[in-house]
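Below: one structure, written as structure tokens.
The values are calculated or read from the model by the stated rules, or taken from the named source; none is laboratory data. Keep in mind that what you see is a predicted model, and the values were worked out from it rather than measured. All Cβ positions, even for glycine, are placed from backbone atoms using ideal geometry, and neighbour counts span all protein chains on display. Note: areas computed on protein heavy atoms with side chains; ligands, DNA, RNA excluded. Shrake-Rupley method; radii C 1.70, N 1.55, O 1.52, S 1.80 Å.
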Amino acid sequence: MAKATTTTKAVEHFAGVPKIAYEGPKSNNPLAFKHYNASEKVGDKTMAEHLRFGIAYWHSFRGTGADPFGPGTIVRKWESSSKDAVSVAKVRMDAAFEFYQKIGAPFWCFHDRDIAPEGASLAESNKNLDAVVAHAKSLQQATGVKLLWGTANLFSNPRFMCGASTNPDAHVFAYAAAQVKKAIDVTQELGGENYVFWGGREGYETLLNTNLKREQDHLARFLGLAVDYAKKIGFKGQFLIEPKPKEPTKHQYDFDVATCIGFLRTYGLHKYFKFNIETNHATLAGHTFQHEIEVAGSAGMLGSIDANTGDLLVGWDTDQFSTDTKELTLAMMSILKYGGLGSGGFNFDAKLRRPSTDLADLFHAHIGGMDTYAQALKLAHRINTEGKFSNHVAARYATYDSGYGKDIETGKASFESLEKLVLGALGEPTLKSGKQEYLENLLNQELFR
């Protein structure tokens with residue numbers, strides 16, 4: 001957790017906002033936590049250990065409120081602090097670390113181009129990045145805030161209009177490789193515990209101009225090169241893939257967790273990667289958040305969470321702060337079942353709404369998100385511990401625990417042996433209720449108990 005409540009700069013960017021404290025459910029203070037109490041024990045861990053909250057630099061400190069229909073509405077004073085882009089980036093970083101401390105977030109996350117301006121060449125971009133990373137490192141040391149993960153922006157610049165590692169031009173592949181190499185270097189320099197690969201524009205618009213097999217081969221080769229480089233430099237962080245089904249391309253190669261597992265296993269990369277699952281991406285793929293967590297967890301590949309939500313009535317990735325206790329309780333039930341996130345955490349990959357232009361709105365948004373996850377954690381722990389749902393599931397599959405059911409699971413049964421049983425003593429199966437309505441009622445009862 002943060003060790004201080006001021007940055008290394010004299011300027012206070014969020015003047016008048018104190019360090020956000022826990023005041024409990026009865027508090028009416030909008031700048032206080034109602035459920036998130038970092039030191040409170042839930043099971044054998046504190047909330048801070050369970051949740052490991054991170055702040056997304058790109059939304060919280062580069063977001064302007066722009067949407068597909070209009071330019072930005074959010075203006076911050078630190079953005080006009082100097083004519084020198086690198087100097088502005090450092091002041092912006094000061095503001096960010098002041099926010100991390102005041103909100104009590106122990107981690108932050110970034111894309112390379114979020115924190116430092118892109119130059120006219122890769123060499124200039126790297127020089128800018130080095131200057132800002134040195135500043136970030138000093139702020140980390142001064143505050144105790146750590147880097148949850150870093151990543152590279154391989155989608156904004158026009159050079160990536162047809163993808164990065166899947167681009168039909170080998171020159172772009174080479175540029176992307178050089179950019180990711182540098183991003184891994186700076187993530188290691190800042191002590192990042194993970195590194196994320198998001199597909200960006202790794203997909204296609206039409207198969208009329210696309211060699212799908214070749215592009216997927218190139219994507220696998222790119223990931224393999226990253227694994228090789230991480231081993232070479234001794235990077236110990238976990239590599240994470242963030243699935244996304246659509247937007248910006250019509251068909252993304254990293255559609256969902258199941259698609260990515262199949263891809264990684266096809267190319268022998270599955271032991272090197274886990275998943276950074278985003279709530280809103282699950283929605284866009286036609287899944288629930290809990291479904292994506294279960295698919296990753298059952299494969300031993302659950303790594304981290306991008307904590308946001310989408311709007312079911314809007315067709316794009318709206319990246320809103322989630323305040324849906326029921327959805328997050330179901331998600332936390334699965335996350336706890338699989339033993340938590342390890343080196344991962346809950347990164348608020350969420351942005352303020354276009355009309356939310358006040359500095360205080362940034363605090364209200366994160367307080368709401370952190371409180372909702374904390375409430376969901378407590379509910380999920382209680383529900384899992386009491387075992388009402390897990391006991392029902394266990395009873396539903398009990399016929400596989402012994403006899404011919406166990407033989408099916410252990411590979412001892414054959415079509416012939418099962419046919420003999422059905423033609424003999426077993427006969428016709430009897431119908432057994434799944435009790436879905438009962439369980440849905442029970443969940444509502446538990447949520448409001």
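Here are some notes:
- So Ala395, is it outside any loop (DSSP other than H, G, I, E, B) and closer than 28 Å to Asn194 by Cα: no
- Scanning the stretch 17-72 for residues that are more than 22 Å from the chain's Cα centre (by Cα), open to solvent by 60 Å² or more (accessible area, probe 1.4 Å) and either of a type in the set (Lys, Arg) or within 26 Å of Ala331 (Cβ to Cβ) (or both) yields Lys19, Tyr22, Glu23, Pro25, Lys26, Pro30, Ser39, Lys41, Asp44.
- Test: residue in the stretch 125-138 that is touching a His at 6+ places or on another chain (Cβ under 8 Å) and open to solvent by less than 10 Å² (accessible area, probe 1.4 Å): no
- Residue in the stretch 371-390 that is outside any helix (DSSP H, G or I), among the polar types (S, T, N, Q) and without any contact (Cβ under 8 Å) to a residue 60 or more places away in the chain present: no
- When residues of the stretch 177-221 are limited to those that are outside any strand (DSSP E or B) and of a type in the set (Gly, Ala, Ser), the one farthest from Gly237 (Cα to Cα): Gly200
- Selection count, the stretch 264-296, where residues are open to solvent by 10 Å² or more (accessible area, probe 1.4 Å) and either over 13 Å from the mean Cα position of the chain (by Cα) or of a type in the set (A, V, I, L, M) (or both): 18
- As a summary of the residue check, Pro158 satisfies the conditions (1) open to solvent by 30 Å² or more (accessible area, probe 1.4 Å); (2) under 24 Å from Ile367 (Cβ atoms); (3) of a type outside the set (Val, Ile, Thr) except for the one numbered (2).
- Residue match in the stretch 339-362 (condition: open to solvent by 70 Å² or more (accessible area, probe 1.4 Å) and within 25 Å of Glu49 (Cβ to Cβ)): no
Quick grid of which residues meet (1) open to solvent by 10 Å² or more (accessible area, probe 1.4 Å); (2) farther than 18 Å from Lys181 by Cβ:
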| residue | (1), (2) |
| --- | --- |
| Arg221 | yes, no |
| Leu225 | yes, no |
| Tyr229 | yes, no |
| Lys232 | yes, no |
| Leu240 | no, no |
| Lys246 | yes, yes |
| Asp254 | yes, yes |
| Val257 | no, yes |
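- Residues (open to solvent by 10 Å² or more (accessible area, probe 1.4 Å), assigned to a loop (DSSP other than H, G, I, E, B) and either in contact with a Phe, Trp or Tyr (Cβ under 6 Å, 6 or more places away or on another chain) or not charged (D, E, K, R) (or both)) located in the stretch 161-171: Met161, Cys162, Asn167, Pro168
- The stretch 302-317, residues that are in a loop (DSSP other than H, G, I, E, B) and open to solvent by 10 Å² or more (accessible area, probe 1.4 Å): Gly310, Asp311, Leu312, Leu313, Val314, Gly315, Trp316, Asp317
- Residue within the stretch 204-217 that is closer than 23 Å to Asp306 by Cα and at pLDDT 95 or above present: no
- Residue in the stretch 302-325 that is over 20 Å from Ile55 (Cβ atoms) and within 16 Å of the chain's Cα centre (by Cα) present: yes
- Members of the stretch 193-202 found to be open to solvent by 10 Å² or more (accessible area, probe 1.4 Å) and either modelled with pLDDT of 95 or more or in contact with a Cys (Cβ under 6 Å, 6 or more places away or on another chain) (or both), listed by number: Glu193, Phe197, Arg201, Glu202
- A residue that is among the acidic types (Asp, Glu), closer than 30 Å to His50 by Cβ and not in a strand (DSSP E or B) occurs nowhere in the stretch 83-90.
- Selected residue (only one of Ala120, Ala174 is free of Cβ contacts under 8 Å to residues at least 12 places away in the same chain, open to solvent by 40 Å² or more (accessible area, probe 1.4 Å) and not in a helix (DSSP H, G or I)): Ala120
- Flag if Arg92 is open to solvent by less than 20 Å² (accessible area, probe 1.4 Å), closer than 23 Å to Gln140 by Cα and of a type in the set (Lys, Arg): yes
- Failed item in (1) open to solvent by 20 Å² or more (accessible area, probe 1.4 Å); (2) in contact with an Asp or Glu (Cβ under 8 Å, 6 or more places away or on another chain); (3) modelled with pLDDT of 95 or more; (4) not aliphatic (A, V, I, L, M), with Asp324 passing the rest: (2)
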